[in-house]
1. Every residue in the stretch 32-51 that is touching a Lys or Arg at 6+ places or on another chain (Cβ under 9 Å) and hydroxyl-bearing (Ser, Thr, Tyr), please.
2. Quick one: which of Leu50, Leu74 is free of Cβ contacts under 8 Å to residues at least 60 places away in the same chain, under 15 Å from the mean Cα position of the chain (by Cα) and open to solvent by 10 Å² or more (accessible area, probe 1.4 Å)?
3. Does any residue in the stretch 23-38 that is touching a residue at least 60 places away in the same chain (Cβ under 8 Å) and closer than 16 Å to Val57 by Cα come within less than 6 Å, Cβ to Cβ, of a residue that is among the aliphatic types (A, V, I, L, M) and outside any strand (DSSP E or B) six or more places away or on a different chain, and which pairs are these?
4. Count, please, the residues in the stretch 12-33 that happen to be open to solvent by less than 40 Å² (accessible area, probe 1.4 Å) and either part of a strand (DSSP E or B) or among the hydrophobic types (A, V, I, L, M, F, W, C) (or both).
5. What residue, among those in the stretch 122-134 that are touching a helix residue (DSSP H, G or I) at 6+ places or on another chain (Cβ under 7 Å) and not in a loop (DSSP other than H, G, I, E, B), is most open to solvent (accessible area, probe 1.4 Å)?
6. Which of the following residues is in a helix (DSSP H, G or I) and open to solvent by less than 40 Å² (accessible area, probe 1.4 Å): Gly9, Gly63, Gly36?
7. For the stretch 77-92, which positions are over 12 Å from the mean Cα position of the chain (by Cα) and open to solvent by less than 50 Å² (accessible area, probe 1.4 Å)?
8. Under 8 Å by Cβ, and 6 or more places apart or on different chains, what pairs join a residue from the stretch 120-147 that is in contact (Cβ under 8 Å) with a residue 40 or more places away in the chain with one that is assigned to a loop (DSSP other than H, G, I, E, B)?
Amino acid sequence: MQKVKQIIGVDISKLTLDIHFHQKNQHLKIDNNFSGFKVLIKKIKELKLLNTELFVVLEFTGGYEYRFIHFLSLYSIDYVRMPGLAIKRSMGIIRGKSDMVDAKRIAQFGYEKQDSLVKDKPLNKNILALKELLAIRKEQVVRKTAA
């Protein structure tokens with residue numbers, strides 16, 4: 001992969017995204033929905049970055065990342081999803097855990113490994129919609145069986 005101007009590490013949870021801009025050393029916490037994504041676009045413009053200069057590194061989360069991936073595809077921002085274990089093992093023994101720290105570690109991982117990372121291909125819109133629906137269904141089944 002060619003060197004990019006800005007590596008962005010994203011820690012994804014059900015409701016929020018913790019975003020760390022590695023080279024700018026800035027943190028941003030947004031909602032995991034399209035109104036939150038608009039805040040991210042504002043921040044990117046504020047930092048005077050182009051979408052083609054960005055590379056986003058995020059963990060597989062089992063479904064919470066699909067809306068964000070759809071957003072990245074719409075704005076032609078390159079990204080890669082990595083297994084959390086690969087990121088954790090690359091850091092060695094670490095102490096402390098929070099979403100903010102995780103986002104920073106993911107960004108650091110992306111910066112160190114940027115030469116070997118290969119951007120993911122955008123998911124087909126229909127496949128993405130099905131994956132989102134399956135994630136919602138799975139959540140509902142778990143909720144119903146727990147009651």
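The values are calculated or read from the model by the stated rules, or taken from the named source; none is laboratory data. Computed from a predicted structure; not experimentally measured. Ideal geometry is used to build each Cβ from the backbone, glycine not excepted, and the neighbour counts take in all protein chains shown. Note: areas computed on protein heavy atoms with side chains; ligands, DNA, RNA excluded. Shrake-Rupley method; radii C 1.70, N 1.55, O 1.52, S 1.80 Å.
1. Across the stretch 32-51, there are no qualifying residues.
2. Going through Leu50, Leu74 in turn, the sole match is Leu74.
3. His27/Met100
4. 9
5. My answer is Lys131.
6. Gly36
7. The answer is Ala86, Ile87, Ser90, Met91, Gly92.
8. Listed pairs, sorted by first residue: Lys131/Gly63; Lys131/Leu123; Glu132/Gly63; Leu134/Gly63; Ala135/Gly62; Ala135/Gly63; Ala135/Tyr64; Lys138/Gly63.
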